[in-house]
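Here's the structure, in structure tokens; my notes come after.
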Amino acid sequence: MLDDRKLAVLRAIVEDYVSTNEPVGSKALAERHNLKVSPATVRNDMAALEEEGYITQPHTSAGRVPTDKGYRLFVDRLSQVKPLSSAERRAIETFLAGAVDLDDVVTRTVRLLAQLTRQVAVVQYPTLTRSTVRHVELVPLSDRRVMLVLITNTGRVEQRVIELPEVVEDARIAHLRAVLNACLDGCGLSTVPELVSDLPERLPVADRPAAATILSVLLETLVERHDEKIVFAGAANLAGADFSVGLRDVLEALEEQVVLMRLLGETSADAPSTLTVRIGSENPYLQGTSVVATGYGSGDNQLARLGVLGPTRMDYPVTMGAVRAVARYVSQILAAS
């Protein structure tokens, strides 16, 4: 383990390199940071840090830059994640509170994260297997048309207009709605097909054609799965980034949903709700990048993950604070929806 003085030197190197994108020398460190030691002592500490693999010298006679190992120790020993200002918190709350449905929440979240962190933001849709039915609504539009509205505990709202095979009175529609909610309320979406398979047979004969049509549309809606869907924003932020992997590789990874799913999946290995940082070589699917991610959900139920992807030369305190804050606000919105 490094002593406090060497940790202070490492922290100063990381902060300066992230800020300037220039290798950091001992003289500059001694001048810019209140290390309370001479430049010669700083040089000795830097030599020790380099020998232990925390920093490296990219060029002869140049300063030092952090390695993946150095960033890792810096993140692990952060005394605090940089909190957002009250203005930033209000802006997040106002921006996300205006969302009208789950798609809008996800779209707003990914844009907001990209703006706050100046990285690529990634948001995973809540997985279907973890969602449950909160309510089913049937709204008569005319004698032979109804609107089916499916609302889940994840905030997902699906609407479909259905043409019925015959004229159905409003009272019969209301009865169908009551039967559907009694059958499905609180049930997992993946169990819906099994639960409604014999539902028409439990209804009066006159209601069966309309029920069969409505159930057919309901099941078609569930087939349109969001399980593997990921949304990202902020690719333009990569233009000025420096990667040990090529920018082309990073852009291709963004287009490959599978790679993004795996990157987020790697960050959930510890605990879904934990803020997780994977740095450089710790990302087996896209080495040379860093991923900061956490889970979001309704209450204690973690439904999916969100985070950012960028170069290892990242402002980790700011990024970690933004990811954690946005996830908390999204969770509050879903819990209240």
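Evaluate the Kirkwood expression for the hydrodynamic radius of region 53-103, namely the inverse of the mean inverse distance over all pairs of different C-alpha atoms, and round to one decimal in Å.
Numbers: mean 1/r = 0.0677 Å⁻¹.
Evaluated over region 53-103, this radius sits at 14.8 Å.
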*asked:* Only sites in a loop by DSSP and with at most 14 other Cβ atoms within 10 Å count here; which trypsin sites (Lys or Arg not before Pro) in region 23-107 make the cut?
replied: K36, R77
*Which whole DSSP H helices in the chain pass both tests: a Cα extent of 15 Å or more along the axis and a mean Kyte-Doolittle value no lower than 0.0?*
4-20, 102-117, 170-184, 208-223, 257-267, 316-336
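Any chance you could tell me what percent of the C-alpha pair distances in the chain go past 32 Å? Walk me through the intermediate numbers first.
Working: 25243 of 56616 pairs.
Cα-Cα pairs in the chain separated by more than 32 Å: 45 percent.
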*Quick one: accessible surface of V258, probe radius 1.4 Å, all protein chains present, in square angstrom to the nearest 10.*
80 Å²
_Charge dipole (region 114-177, unit charges on Cβ, about Cα centre) - positive-most of M147, A171, V157_ = V157
*Under 5 Å between amide H atoms, partner at least 5 residues away or on a different chain: which partners does T274 have, H built in plane at 1.01 Å?*
G295
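Within the chain, which is the longest segment containing none of the GluC sites (Glu not before Pro) that sit in a DSSP loop and have at most 11 other Cβ atoms within 10 Å?
On the way: sites that count: E166, E169, E224.
It runs 1-165.
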_Rough spin-label spacing in nm, given labels placed 7 Å along Cα→Cβ, for D101 and V217_ = 1.3 nm
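The values are calculated or read from the model by the stated rules, or taken from the named source; none is laboratory data. What you are looking at is a predicted structure, and each value in this text was computed from that prediction instead of being measured. Glycine gets a Cβ as well: all are built from the backbone with ideal geometry, and neighbour counts include every protein chain shown. These accessible areas exclude ligands, DNA and RNA; they are computed on the full protein's heavy atoms, side chains included. Shrake-Rupley method; radii C 1.70, N 1.55, O 1.52, S 1.80 Å.
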